[in-house]
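First the structure, in the form of structure tokens, and then the observations on it.
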Amino acid sequence: MIQKMTLIGMTLLLIVACDTSTNEPQIEGDFKVTIENIAEAKSYSASGAFNTPVGATAPAPIFPGEAYEVSFSAAPGSKLSFATMFVQSNDLFYAPDGEGIDLYDSMGDQIVGDITSQIMLWDAGSEVNQEPGLGSDQAPRQAGANTGAVDSDNTVRLATDDFSNLPAVSDVVKVTLSSTGDTGFTLRVENVSSSATLMTSDGNSHAVPLAPGVYVIHSGSDVLFDAGMMDYGYGLANIAEDGDPSGLATMLATDTGVTQLYAPGVYVVHESANPLFTAEVADRGEGLEDLAEDGNPGNLAASLSSSDMYATSGAFDTPAGAAGPGALAPGSSYEFVLSAVEGDYLSLATMLVQSNDLFVAPSGMGIALFNEGTAMTGDVTSYLSIWDAGTEVNETPGVGLNQAPRQAGAGAGMDEMGLVRMVDDMYDYPALSEIIRVTITEI
């Protein structure tokens, strides 16, 4: 009997050994993941044309008692520049000097009220001046755009009263700023001239219309012109001669927007879904909030590392070629390497820095690192989305006072007590394919 049981046991062992020997080897691989900031750096946070009088439905000049208004958001340290044509001229325009107008004081408080004293009358240097109010090549009387003679002094400069009839700036225009919120402003350009503001040598008097113009929010100097230098050729002359802001507004728009940055983040290789968060569920309190609000991956990386569910995880924090940890600016990249076997997925998360609590990540299951035995390689950006951690109330991107580049300290914003979800708020965000690229390379 004992001999018979021994034979059965040996037979079972042989069957197991044969089954084992016929199994295919486990597929595995090593990968490099590259996260590139492909966004464009922008010089201006806001810009545009103002061309429709308050209460009107179509673009037009403004006459006495009428005004243009435009609203915008601006962060502390920002300045305002604008330009609008003195219509009874060949190429004169109203604008602040090249430094622009400060929108915040040294204490970080908004500057509001009457700012007319900072506005001057300028000569674009593009067309020979005729007597204001009488010249045949001035907009109200010219046969068409660009009909005047070319000015031999082609520099942008303060207007000179060559015909002794230029009115004071404050007799023609009143410019005010009002607050519409912590970082919101409304610019009002009002025509305060009258029928007797401009006296001409023929004994008549005239009001001074103002034409559509442009505005731009900036931090540098000499955005619209550089006093004493030739016009940049971007469209200021079209405003100063013909009241046409379209060319300059278009040029400014190409360099206007939020300069996107990414913060240090985390990655994890996993087999089951939702290693970092669960959509439409509140943050777990494992460190995602610190990453999404403050760009600090430390707590979330430690939480992943301490879990026995994940063999591979870590933080990425140093741009390629950099000497130490830092944010990812346009043109730079983070890199990390990992090992995985078939059945593994990759998840990662990095903060969209110009936000309150937004981050970039794939959805719950992450990115499959193998597909039917073939390693996943190439551009995987399409797997990613912009997520809202639901932990802090969103503010205007790139401007909000409680966003990482401007906040007083970590966790400074208003608690939202919301759910982790794909971002869906009142603000506009660029397509991810325009601002980030994530690629996987097998090594």
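The values are calculated or read from the model by the stated rules, or taken from the named source; none is laboratory data. The shown structure was predicted, so the numbers you read here are calculated from the model rather than taken from an experiment. FYI the Cβ positions are ideal-geometry reconstructions off the backbone, even for glycines, and counts take in every protein chain you see.
Taken over region 140-191, the criterion of being surrounded by 15 or more Cβ atoms within 10 Å (Cβ to Cβ), of a type in the set (A, V, I, L, M, F, W, C) and either on the phi > 0 side of the Ramachandran plot or outside any strand (DSSP E or B) (or both) is satisfied by 156, 159, 163, 166, 169, 172.
Surrounded by fewer than 18 Cβ atoms within 10 Å (Cβ to Cβ) and at pLDDT below 95 - does that describe any residue in region 432-443? Yes; the residues of region 432-443 include at least one that is surrounded by fewer than 18 Cβ atoms within 10 Å (Cβ to Cβ) and at pLDDT below 95.
Any residue at all in region 284-297 that's free of Cβ contacts under 8 Å to residues at least 60 places away in the same chain, on the phi < 0 side of the Ramachandran plot and not in a loop (DSSP other than H, G, I, E, B)? Among the residues of region 284-297, not one is free of Cβ contacts under 8 Å to residues at least 60 places away in the same chain, on the phi < 0 side of the Ramachandran plot and not in a loop (DSSP other than H, G, I, E, B), which makes the answer no. Comparison of 315, 340, 323 shows that the only residue that is in contact with a helix residue (DSSP H, G or I) (Cβ under 6 Å, 6 or more places away or on another chain) and among the hydrophobic types (A, V, I, L, M, F, W, C) is 315. Checked against (1) surrounded by fewer than 21 Cβ atoms within 10 Å (Cβ to Cβ); (2) at pLDDT 95 or above; (3) not in a loop (DSSP other than H, G, I, E, B), residue 68 passes all but condition (1).
To keep it simple, each residue is scored yes or no on (1) within 23 Å of residue 363 (Cβ to Cβ); (2) outside the structural domain of residue 107 (by TED's automatic domain parsing); (3) in contact with an Asp or Glu (Cβ under 8 Å, 6 or more places away or on another chain).
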{"site": "373", "(1), (2), (3)": "no, yes, yes"}
{"site": "383", "(1), (2), (3)": "yes, yes, no"}
{"site": "391", "(1), (2), (3)": "yes, yes, yes"}
{"site": "394", "(1), (2), (3)": "yes, yes, yes"}
{"site": "398", "(1), (2), (3)": "no, yes, no"}
{"site": "405", "(1), (2), (3)": "no, yes, no"}
{"site": "412", "(1), (2), (3)": "no, yes, no"}
{"site": "415", "(1), (2), (3)": "no, yes, yes"}
{"site": "431", "(1), (2), (3)": "yes, yes, no"}
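Let's see how each residue does on (1) out of contact with any Pro (no Cβ under 8 Å at 6 or more places or on another chain); (2) among the hydrophobic types (A, V, I, L, M, F, W, C); (3) under 22 Å from residue 187 (Cβ atoms):
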| site | (1), (2), (3) |
| --- | --- |
| 48 | yes, no, yes |
| 52 | no, no, yes |
| 56 | yes, yes, yes |
| 67 | no, yes, yes |
| 78 | yes, no, yes |
| 90 | yes, no, no |
| 143 | yes, yes, no |
| 148 | yes, no, no |
| 165 | no, no, no |
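For region 221-276, a tally of residues being part of a strand (DSSP E or B) and of a type in the set (A, V, I, L, M) returns 4.
Residue count for region 419-443 satisfying the condition of being more than 12 Å from the chain's Cα centre (by Cα), of a type in the set (A, V, I, L, M, F, W, C) and in a helix (DSSP H, G or I): 1.
For region 361-389, how many residues meet the condition of being surrounded by fewer than 23 Cβ atoms within 10 Å (Cβ to Cβ) and either touching a residue at least 12 places away in the same chain (Cβ under 8 Å) or under 19 Å from residue 276 (Cβ atoms) (or both)?
Residues of region 361-389 that are surrounded by fewer than 23 Cβ atoms within 10 Å (Cβ to Cβ), as a first pass: 362-365, 367-368, 370-386.
Add one more test, that the residue is either touching a residue at least 12 places away in the same chain (Cβ under 8 Å) or under 19 Å from residue 276 (Cβ atoms) (or both), and what stays is 362-365, 367-368, 370, 373, 375-386.
Going through region 361-389 one residue at a time, the tally reaches 20.
Would region 283-290 turn up any residue that is surrounded by fewer than 16 Cβ atoms within 10 Å (Cβ to Cβ) and not charged (D, E, K, R)? Yes, region 283-290 contains at least one residue that is surrounded by fewer than 16 Cβ atoms within 10 Å (Cβ to Cβ) and not charged (D, E, K, R).
For region 197-220, the candidate set comprises residues that are among the hydroxyl-bearing types (Ser, Thr, Tyr) and in a strand (DSSP E or B); within that set, the residue that is farthest from residue 143 (Cα to Cα) is 215. In region 73-127, counting only strands (runs of 3 or more DSSP E) that sit wholly within it, the ones holding 1 or more residues that are free of Cβ contacts under 8 Å to residues at least 60 places away in the same chain and surrounded by fewer than 20 Cβ atoms within 10 Å (Cβ to Cβ) span 120-123. Is it fair to say residue 227 is in contact with a Ser or Thr (Cβ under 9 Å, 6 or more places away or on another chain) and farther than 24 Å from residue 68 by Cα? Yes: the conditions hold for residue 227.
Taking region 192-231 as the search range and keeping residues that are within 29 Å of the chain's Cα centre (by Cα) and of a type in the set (Val, Ile, Thr), which one is surrounded by the fewest Cβ atoms within 10 Å (Cβ to Cβ)? Ranking the qualifying residues of region 192-231, first place goes to 223.
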